[in-house]
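Contents: one structure, followed by commentary.
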Amino acid sequence: MSTIPSADSHALYAQTVTETSARIARGEVTHAQVLESQLGRIAAREPSVHAFKWHDADHVRAQLAAVSARSEKLPLAGIAIGIKDIIDTADMPTEYGSAAFVGNRPAKEAAIVTQLKAAGALMMGKTVTTEFASQFAGATVNPHNFAHTPGGSSSGSAAAVADGMVGLALGTQTAGSTIRPAAYCGIVGFKATRGKISLEGVNPLSPTLDTMGWFGRSVDDVKLLASVLLGASTAKEPSGTIRLGWYPGPEAAQADSDAVQALERAKAVLGAHGVELVDVEVLPAKDMIALGESNRIIMSHEMSRFYEKLYRNKAPLGDLTVAMIEFGLQITPEQCQAEREHAERCRQLFAQATKGLDAVLTLASPGEAPLKQNGTGSPMFNRTWTSIGVPCLGLPFGKGDQGLPLAVQFVAAEGQDHQLLALGGKLESLLAKG
């Protein structure tokens, strides 16, 4: 179901990639018609939403014109994808969300871009990111309400998909940079198992934590991209009883009441349709809370080493970037290593605690998107999962007190990416009944 604000539900840009691909296969519409609908949406909405750092309509049209008849059999043939602007592209600028890199043109494109092009995809443009995928935000607003943030750091990617400018977009996650923006923008977000997808050519924030993610408007759309980035899947939608761990977590009291109510409502809906929900302590509370600090220390330490030279040379960096670098420079290698070891112990504990479960149901964000002036929101319900490297799926579910989207999150065991997405398709259909 489309989540596009104020959209004509019959417009091609408002339909999912799965829907338009099926229509193309039946000969009802063409790739060019779908693309022109999206380009029209960008022309109409980009001056307000600011999802793209770089976009050129003729550049995308030229890519489509180069798609041959032979390419039609490729899995992403003619499908335009937004590329987060920390991912190197040789034919488009890559500025990493920073004034220090204005006009930067990498000599080589990222491995993931090469992979997408080989699958027939078109590059719609570079989507806005916070500086170095950290906290200092760009101009993008939430398409549901321009006064609110779309989340970060994958701000432009989430907003572009939510607003119908593109059907799929790449993000990354080092704390909560995919699942949180997806929740705030009312779309599907997926973060892969850490290390499953090459980060060659993706500007680093924290190599220990950095992970690829992406956005779509349905689980099927997200699965389509997964079939290319993660390889073909043999996972099937579960036919027996689904067993989910119920885990609001020790920090649930810090979430807004409407987010907690949405999570409880999701539990009730799923339970009413035969899903077995099991109370589970996936980690001791003290370890779960401490993982948030582990995430902050590892990220800050590693970021500060990458960008110390820019900082020392007084490059034009955002104030939040400067603060994080200064904090990170105070952290010793020994302190950082201790936090890495804590995260690894927690990864092992999570693997043990979730044996026999298909996934864990938990919060996706603290609530609705905050006002843009108050930042990109807290990653407290994402950073722990990022720290232990497991796959996460965020599904939109209801709206909050201000009428903005809410979501729930499903977390699976390390390496169970395809299984989580297969399960996600079933969960998506069940939640739609609630």
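Out of 48, 68, report the one residue that is among the hydroxyl-bearing types (Ser, Thr, Tyr) and closer than 19 Å to residue 114 by Cα. Talk me through it step by step, then tell me what you get.
On the way: 48 fails: closer than 19 Å to residue 114 by Cα.
So the residue among 48, 68 that is among the hydroxyl-bearing types (Ser, Thr, Tyr) and closer than 19 Å to residue 114 by Cα is 68.
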Where a residue in region 298-313 is over 26 Å from residue 344 (Cβ atoms) and of a type in the set (Phe, Trp, Tyr) and its partner, wherever it lies, is open to solvent by less than 20 Å² (accessible area, probe 1.4 Å) and in a helix (DSSP H, G or I), with Cβ under 7 Å and at least six apart
311/325
Pairs only if they're at least six apart or on different chains, beta carbon under 9 angstrom, first in region 276-296 and farther than 30 Å from residue 239 by Cα, second small (Gly, Ala, Ser) and part of a helix (DSSP H, G or I); list them, first residue then second.
291/343; 291/387; 292/387; 294/338; 294/343; 294/387; 295/343; 295/387
Would you check which residues across region 242-271 are over 19 Å from residue 383 (Cβ atoms), free of Cβ contacts under 8 Å to residues at least 40 places away in the same chain and of a type outside the set (S, T, N, Q) and list them?
264, 271
So how many residues does region 197-232 have that are open to solvent by less than 50 Å² (accessible area, probe 1.4 Å) and touching a Pro at 6+ places or on another chain (Cβ under 8 Å)?
6
Among the residues of region 378-422 satisfying the criterion of being out of contact with any helix residue (DSSP H, G or I) (no Cβ under 9 Å at 6 or more places or on another chain) and of a type outside the set (S, T, N, Q), which is farthest from residue 292 (Cα to Cα)?
403
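Any residue that is surrounded by fewer than 20 Cβ atoms within 10 Å (Cβ to Cβ), farther than 19 Å from residue 383 by Cα, touching a residue at least 24 places away in the same chain (Cβ under 8 Å) and touching a helix residue (DSSP H, G or I) at 6+ places or on another chain (Cβ under 7 Å) - is there at least one of those in region 154-175? First the steps, then the outcome.
Within region 154-175, the first condition is being surrounded by fewer than 20 Cβ atoms within 10 Å (Cβ to Cβ), and the residues that meet it are none.
No, every residue in region 154-175 fails to be surrounded by fewer than 20 Cβ atoms within 10 Å (Cβ to Cβ), farther than 19 Å from residue 383 by Cα, touching a residue at least 24 places away in the same chain (Cβ under 8 Å) and touching a helix residue (DSSP H, G or I) at 6+ places or on another chain (Cβ under 7 Å).
A quick yes/no check of all residues on (1) crowded, with 24+ Cβ neighbours inside 10 Å; (2) touching a Ser or Thr at 6+ places or on another chain (Cβ under 6 Å); (3) part of a loop (DSSP other than H, G, I, E, B); (4) polar (S, T, N, Q):
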residue: 356; (1), (2), (3), (4): no, no, yes, no
residue: 369; (1), (2), (3), (4): yes, yes, yes, no
residue: 385; (1), (2), (3), (4): yes, no, no, no
residue: 390; (1), (2), (3), (4): yes, no, yes, no
residue: 406; (1), (2), (3), (4): yes, no, no, no
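Can you confirm whether residue 343 is modelled with pLDDT of 95 or more, in contact with a strand residue (DSSP E or B) (Cβ under 8 Å, 6 or more places away or on another chain), under 23 Å from residue 189 (Cβ atoms) and buried (at least 18 other Cβ atoms within 10 Å of the Cβ)? Please lay out each step first, then the result.
Details: modelled with pLDDT of 95 or more: yes; in contact with a strand residue (DSSP E or B) (Cβ under 8 Å, 6 or more places away or on another chain): no; under 23 Å from residue 189 (Cβ atoms): yes; buried (at least 18 other Cβ atoms within 10 Å of the Cβ): yes.
Here the answer is no, as residue 343 does not meet what is asked.
Take residue 410 and decide whether it is open to solvent by less than 40 Å² (accessible area, probe 1.4 Å), in contact with a Cys (Cβ under 8 Å, 6 or more places away or on another chain) and in contact (Cβ under 8 Å) with a residue 12 or more places away in the chain. Full working, then the answer.
Working: open to solvent by less than 40 Å² (accessible area, probe 1.4 Å): yes; in contact with a Cys (Cβ under 8 Å, 6 or more places away or on another chain): yes; in contact (Cβ under 8 Å) with a residue 12 or more places away in the chain: yes.
When the stated conditions are applied, residue 410 passes them.
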Of all residues being in contact with a Pro (Cβ under 8 Å, 6 or more places away or on another chain), without any contact (Cβ under 8 Å) to a residue 60 or more places away in the chain and among the polar types (S, T, N, Q) in region 75-130, which is surrounded by the fewest Cβ atoms within 10 Å (Cβ to Cβ)? Just the residue, please.
104
With respect to the numbered conditions (1) among the basic types (Lys, Arg); (2) assigned to a loop (DSSP other than H, G, I, E, B); (3) within 19 Å of residue 386 (Cβ to Cβ), which one is the sole condition not fulfilled by residue 180?
(2)
What number of residues within region 2-48 are under 22 Å from the mean Cα position of the chain (by Cα) and outside any helix (DSSP H, G or I)?
6
Note on region 49-74: residues at pLDDT 95 or above, open to solvent by less than 50 Å² (accessible area, probe 1.4 Å) and either of a type in the set (S, T, N, Q) or assigned to a loop (DSSP other than H, G, I, E, B) (or both) are 51, 63
Consider residue 235 carefully, then state whether it is surrounded by fewer than 20 Cβ atoms within 10 Å (Cβ to Cβ) and either under 17 Å from residue 113 (Cα atoms) or touching a helix residue (DSSP H, G or I) at 6+ places or on another chain (Cβ under 7 Å) (or both).
yes
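The values are calculated or read from the model by the stated rules, or taken from the named source; none is laboratory data. Keep in mind that this is a model prediction, so the values were computed, not measured. Ideal geometry is used to build each Cβ from the backbone, glycine not excepted, and the neighbour counts take in all protein chains shown. The protein model used for the area step is the full one, side chains on, heavy atoms only, and it has no ligands, DNA or RNA in it. Shrake-Rupley method; radii C 1.70, N 1.55, O 1.52, S 1.80 Å.
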